[in-house]
Amino acid sequence: MAIKITAVLFFLIGLALAAGGGQLVLLDGSAYYLVCGLGFILTAILLFLRKAIALRLYAVLVIASLAWAIWEVGFDWWQLGPRGGVIIVLGLWLLTPWIRKPLGFVSPTGMRYEASAAPLVLALVISIAVAILSMFFDPYDQSGDLPTQSVAAAPPMGGNVPAGEWHQYGRTPYGQRYSPLDQIKVDNVANLKEVWRYQTGDVKRPDDVGETTYQVTPLKVGNSLYLCTPHNLAIALDATTGKEKWKYDPNSGMNPDRQHQTCRGVSYYRDQAAAPGSACAERVYLPTSDARLIALDAANGQVCSSFADKGTLQLTAGMKYNPAGYYYSTSPPAIVGNKIIIGGAVNDNYSTESQSGVIRAFDVNSGQLLWNWDSGNPSQIQPLQPGQTYTTNSPNSWSVFSVDEDLGLVYIPLGNQVPDQLGMGRSDSVEKYSSSIVALDINTGADKWVRQTVHHDLWDMDVPAQPVLINISKPDNSVVPALVGPTKQGDIYVLDRRTGEPIIPVTEEPAPGGAIPEDRTTPTQPTSALTFKPKPLEERDMWGVTMFDQMVCRIWYHHYAYSGRYTPPSLKGSIIYPGNFGTFNWGSVAVDPERQVMFGMPTYLAFTSKLVPRADIPPKGQGEKGSEQGLNRNEGAPYGVIMGPFLGPLQVPCQAPPWGYVAGADLRTGKIAYKHRNGTVYDMTPLPLPFKVGVPGIGGPMITKGGIAFLGAAVDDYLRAYDLTSGKQLWEARLPAGGQATPMSYAVEDGRQFVVMVAGGHGSVGTKPGDYVIAYALPR
């Protein structure tokens, strides 16, 4: 009975593989699955006929599959496993007595003997040995060391921030995410222990949008921590004990049209003209998801009524169109001198009648508008007059700004115009400023230079990360004030921040064509010599948990349009790689200004993008919530777009891992020193398996002078510490929720160094939600 069931199973497997493999061959894909399917069918027939030669035939199939797999992917266990796992398991089943006995023979003496299994045993032993051997190889790992010498003994870090404090999102206006504290070192970081834990009380609600996320980096001023939560609660904590000092709720409400429900941080300001200890002498500015900016007294959380309209600035002023939930500020504004400079996020791919992406500077004390810079009308920098409106739907900046007060410049990472995937009808100004880094004059708002990172962007490759400012020493001992700009497409732009000219070369490379007839592509796209861009995908890069879903991914790969990086969206659907999740995103990179090196988390996930004609877009469903994935309606445009990660039938990525790394690069030479897989599938599978696959992540790193890089971000719930020099992991702490935020560090009154991480999860990547703020330190 067992042999008949086995024969039927092999026959059905063979039919499935032959059918899919035949389709793959017609698409000019690999012939392996067709041949393998025929091998299964023939084995099934021989099993049904109880022919012992079935075992020998299957042994040939095992060896042939192994040879093909090694030819395709080498000794990469994570790619060999799906190719051979099912075949080896079925081969082991064929060795059982329930199969071998019916295939055996009866001797003249009446003794029944099992069929010889030597060839199949040998084939399986070889295959299993190769699988075990491949576990000790990682063809994607790049090992090396960053330089350890201090190039600059006392480099500028921006602002007047004491070593033990963290005053802005990236610690200082330079956005370096670097702490000059060195109590925690390579040789003692493994001893870090949790000191305190605080819960904000703001947790994801049933009626929240999908991307409800904790992305906040707290600030530390004096002995207080200041932070915000996804629903815009502002909170002050005692930095030593984690005890709550005050909490403020702006009542920003709920709106299903918001694409993002998050708050990356608040901004701190000390009024030098105010008497110390007086009301609102120190302030915390809170951006909200209903497009307000609120000034709070840092001492007690009370609203500072002298700012704007009784303490509240309405950011929707001057907008021609103002649909609720389409515009808000998710990032902390920059404060320099007497100005508070703020942008805003415009929902991707909702409507062509959306708010403007204008950047505005207000008087930090009164809230009076001082200047406005609108990428759709960049010459109009004087404050908007009553009755005038900003340019509808101009490229916006939803991320964090950096400031060089000595140069008088604020650096703006710019996004795209809705719709992201359609370039028809864009103005000359939009074409110039989309997906670029722009330097604006702090005092006037006039743009001083622009460096575009994507021409005629059709891929939502907006510049997502806060530009990092650092001074770089050249071989001739001259020092260049530099800007490091990470991008979604994987390029790291290292520019002279005075002019925007490259320090590390930027060249133009050929780009694919193939846009829809109404649109166009550009023949070339810029790329930096310091780049983490991935190699183009091939059919052999398709992946799955088994050979079956891997085969389906291979078929889908050929059905989509794909010609490498910058393949344009299409009506049949295109593979976008890297996808708009980005090689780098809002977490940016961290730099060591003394060693002049960087540490980052490049992530590699392919997405798909399919244009949908307006007539084929169904009416909006009841209860439909805002999201960047799935159908994006692009109201007012001739096409909507269906977007999302390129996933297989089992909802795992169709491309093979690794999907996430930690990496280090020398900013003086532009050389990448190391890339190591980062993160496990512990929280991605039904069983808590600690396999270090290299998983996606979103969040940012931090570096300390002790030579440590700290990073959460990965989709397994851990905070980790790495040796900055080599990238090797030194410590990890299990988090109670997803750690998709950026850690920070500070010192308390007795000099003890703390590391703080916020763990609240990220809706888009599906990590566990929570509301935790956790501090770590060395034992006393």
I'd like to compare 374-387, 169-182, 306-319: which one has the highest average count of other Cβ atoms within 10 Å, and what's the full order after that?
169-182, 306-319, 374-387
Apply the Karplus parameterisation 6.51 cos²θ - 1.76 cosθ + 1.60, with θ equal to phi minus 60°, to every residue of the range 489-502 and state each ³J(HN,Hα) to the nearest whole Hz, in sequence, with x for glycine and proline.
7, x, 6, 10, 8, 10, 10, 6, 6, 7, 10, x, 6, x
May I ask you to order 20-33, 609-622, 53-66 by the average number of other C-beta atoms within 10 Å around their residues, highest value first?
53-66, 20-33, 609-622
Checked the range 427-538 against the a/c 1.5 cut and the a/b vs b/c comparison, axes a ≥ b ≥ c from its Cα gyration tensor; verdict oblate
Run down the lysines and flag those whose C-alpha is under 16 Å from the C-alpha of LYS572, throwing out any fewer than 8 positions away in its chain.
LYS610
Tell me, what ³J(HN,Hα) does each residue in the range 763-778 have, in order and in whole Hz, if you take phi through Karplus 6.51 cos²θ - 1.76 cosθ + 1.60 with θ = phi - 60° and put x for Gly and Pro?
x, 5, 9, x, 7, 5, x, x, 8, 9, 10, 10, 10, 10, 7, 6
Just to confirm the number: angle between the C-alpha axis of helix 118-134 and the first principal axis of the chain, 0 to 90 degrees, nearest 10?
10 degrees
Give the angle, between 0 and 90 degrees and rounded to the nearest 10, that separates the Cα long axis of helix 77-94 from the longest principal axis of the Cα atoms of the chain.
30 degrees
Computing the accessible area with a 1.4 Å probe over protein heavy atoms, can you report the carbon and sulfur percentage for the chain?
57 percent
Cα gyration tensor, the range 310-352 - rounded (a/c under 1.5), prolate or oblate:
prolate
Treating only Lys and Arg (+1) and Asp and Glu (-1) as charged, each at its beta carbon, one finds that the range 402-462 has a dipole about its Cα centre, in Debye to the nearest 20, of 180 debye
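Residues of the range 401-499: accessible area per residue at 1.4 Å, in Å²?
26 Å²
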Does anyone have the angle between helix 53-73 and the longest principal axis of the chain? Alpha-carbon axes, 0 to 90°, nearest 10?
30 degrees
How charged is the neighbourhood of ALA709? Take every other residue with its Cβ under 10 Å from the Cβ of ALA709, and add Lys/Arg as +1 and Asp/Glu as -1.
0
For Cα extents along the principal axes in Å the list reads (1) 160, 92, 49; (2) 118, 65, 39; (3) 110, 66, 57; the calculated value is entry (3)
Name the shape class, rounded, prolate or oblate, that the alpha-carbon gyration tensor gives for the range 690-780, where a ≥ b ≥ c are the square roots of its eigenvalues, rounded holds for a/c under 1.5, and otherwise prolate holds if a/b is larger than b/c and oblate otherwise.
oblate
Highest mean first, what order results for 459-470, 154-165 on Cβ atoms within 10 Å?
459-470, 154-165
Of LYS204/LYS247; LYS204/LYS675; LYS448/LYS533, those spanning more than 23 Å from alpha-carbon to alpha-carbon
LYS204/LYS675; LYS448/LYS533
Partner lysines for LYS51 [C-alpha distance under 24 Å; skip if fewer than 8 residues away on the same chain]:
LYS4, LYS101
Magnitude of the Cβ-charge dipole of the chain, K/R +1 and D/E -1, about the Cα centre, nearest 20 debye?
2080 debye
So how far apart, in nm, are the two label points at LYS728 and ARG50 if each is 7 Å from Cα heading toward Cβ?
6.1 nm
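The values are calculated or read from the model by the stated rules, or taken from the named source; none is laboratory data. Small disclaimer: the values here were computed from a predicted structure and weren't measured. Cβ coordinates were reconstructed from backbone atoms using ideal geometry, including for glycine residues, and neighbour counts include every protein chain displayed. When the accessible area is computed, the model is the full protein with side chains, heavy atoms only, and any ligands, DNA or RNA have been set aside. Shrake-Rupley method; radii C 1.70, N 1.55, O 1.52, S 1.80 Å.
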